[in-house]
């Protein structure tokens with residue numbers, strides 16, 4: 001078995017959990033989902049699973065970094081992001097940029113920082 005060259009999620013000495021860039025699911029190195037809304041929803045659902053394994057939810061997110069294959073996809077991405085994050089009490093800070101290319105020609109890649117102690121609304 002080939003050694004993975006990165007971790008998908010690690011806990012820092014400050015107690016915060018950080019993820020690597022999460023891509024949509026693939027089969028035989030080909031992406032399964034083809035549209036920005038499909039890939040966005042798939043990645044955010046994967047976040048829920050990763051966070052649940054550490055007894056956290058989307059409410060524990062502090063920061064989200066979004067990489068889009070084109071900034072033109074912002075509207076499509078933002079619509080799905082808003083739907084999935086609708087019940088989050090305190091929205092995480094978010095950075096969203098367009099990139100010339102993402103691995104496997106993905107349209108969306110997202111990473112996050114989460115805190116085991118959910119943020120308090122001010």
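No value in this document is a laboratory result; all are computed from the given coordinates. All values derive from a computational prediction rather than experimental measurement. Cβ sites come from the backbone with ideal geometry, for glycine too, and all protein chains shown count toward neighbours.
The modelled label-to-label distance for the pair residue 29/residue 97, using points 7 Å beyond Cα in the direction of Cβ, is 2.7 nm. Each label point was placed 7 Å from the Cα along the Cα-to-Cβ direction; for residue 48 and residue 84 their separation is 0.9 nm. How big is the Rg/Rh ratio for the chain, C-alpha atoms only, Rh by Kirkwood, two decimals? Ratio of gyration radius to Kirkwood radius: 0.96.
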